[in-house]
1. Please average, across the residues of B:30-42, the number of beta carbons from any other chain that are within 10 Å of each residue's own beta carbon, and give a whole number.
2. What are the ³J(HN,Hα) values, in whole Hz, obtained from phi via the Karplus relation 6.51 cos²θ - 1.76 cosθ + 1.60 with θ = phi - 60°, for each residue of the range B:51-66 in sequence order, with x given for Gly and Pro?
3. For the protein assembly as shown, what is the charge dipole size about the Cα centre, in debye to the nearest 20, if Lys and Arg each add +1 at the Cβ and Asp and Glu each add -1 at the Cβ?
4. Tell me, what % of the accessible area of the range A:10-64 is carbon and sulfur with a 1.4 angstrom probe?
5. Would you pull out the residues with amide H under 5 Å of A:Val48's amide H, same chain only if 5 or more places away, H placed 1.01 Å from N?
6. Would you please give the residues with an amide H less than 5 Å from that of B:Gly58, counting only those at least 5 places away or on a separate chain, with H modeled from the backbone geometry?
7. Of A:Tyr33, A:Asn62, A:Thr110, which is farthest on the positive side of the dipole of chain A, counting Cα position, with +1 on Lys and Arg Cβ, -1 on Asp and Glu Cβ, and the Cα centre as origin?
8. Which ³J(HN,Hα) values, rounded to whole Hz and listed in residue order, are derived for the range B:26-32 from phi using the Karplus coefficients 6.51, -1.76 and 1.60 in 6.51 cos²θ - 1.76 cosθ + 1.60 with θ = phi - 60°, glycine and proline given as x?
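The values are calculated or read from the model by the stated rules, or taken from the named source; none is laboratory data. What you are looking at is a predicted structure, and each value in this text was computed from that prediction instead of being measured. All Cβ positions, even for glycine, are placed from backbone atoms using ideal geometry, and neighbour counts span all protein chains on display. To get the accessible areas, we keep the full protein, side chains included, count just its heavy atoms, and leave off ligands, DNA and RNA. Shrake-Rupley method; radii C 1.70, N 1.55, O 1.52, S 1.80 Å.
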Amino acid sequence: AQTVTQSQPEMSVQEAETVTLSCTYDTSENNYYLFWYKQPPSRQMILVIRQEAYKQQNATENRFSVNFQKAAKSFSLKISDSQLGDTAMYFCAFMKRSNQFYFGTGTSLTVIP
Amino acid sequence: NAGVTQTPKFQVLKTGQSMTLQCAQDMNHNSMYWYRQDPGMGLRLIYYSASEGTTDKGEVPNGYNVSRLNKREFSLRLESAAPSQTSVYFCASTGGAGGPRDTQYFGPGTRLTVL
């Protein structure tokens, strides 16, 4: 079975600072995909960043980057220069080749002005 | 291009009533999903459809049925609603032309309350 664990239910960060959200997963598969989704108060799920397991290079999208450690099954999200609009729930997700997704329980991030 | 649409946005039911949640996508995606989101539980997969004509159970299928009406539409039915089914329901899709096969696109969600 696949599981995704987010051990930080809540986090806060000062505006313009950097914050890292943790995610670990458990799988016996070798080829898979990992994602971070953002859910603001509007409840819409928005893709932040994705990583293919076969790529060693960490994905980056503007202020968002990941630290993907395949052997450790770790996939953390770093948000640089935090902005008030980053306040949201963040979900880590795992997808295996069958297109089935598994989500973590989420981390509530608050950016403090 | 509307993406993934869901109806209704809000619904209140009494215990024992039935209803169908509708979902449609216009991205020519092959796979579609239904999730429920509860506080502290994250998103849990109810059913998914890897392609038109196929459906499979997810993590929490009890009390639900689904229909993949065509490639665009994937409906979720509650035959006899229970208070435990009070939740926010999300439909999602992946695959096909217009986007990376491996990225999920979500609808705006349906907030369902069962009294």
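1. Partner Cβ neighbours, averaged per residue: 3.
2. 7, 4, x, 10, 9, 9, 6, x, 6, 9, x, 5, x, 10, 9, 10
3. Dipole magnitude for the protein assembly as shown comes out near 420 debye.
4. Taking all protein chains in place, the range A:10-64 shows 39 percent carbon and sulfur surface.
5. Sorted by chain and number, the residues that satisfy this are A:Trp36, A:Tyr37, A:Lys38.
6. B:Tyr47, B:Tyr48
7. The residue sitting farthest along the positive end of the dipole is A:Tyr33.
8. Listing the rounded values in order: 10, 9, 6, 7, 7, 9, 9 Hz.
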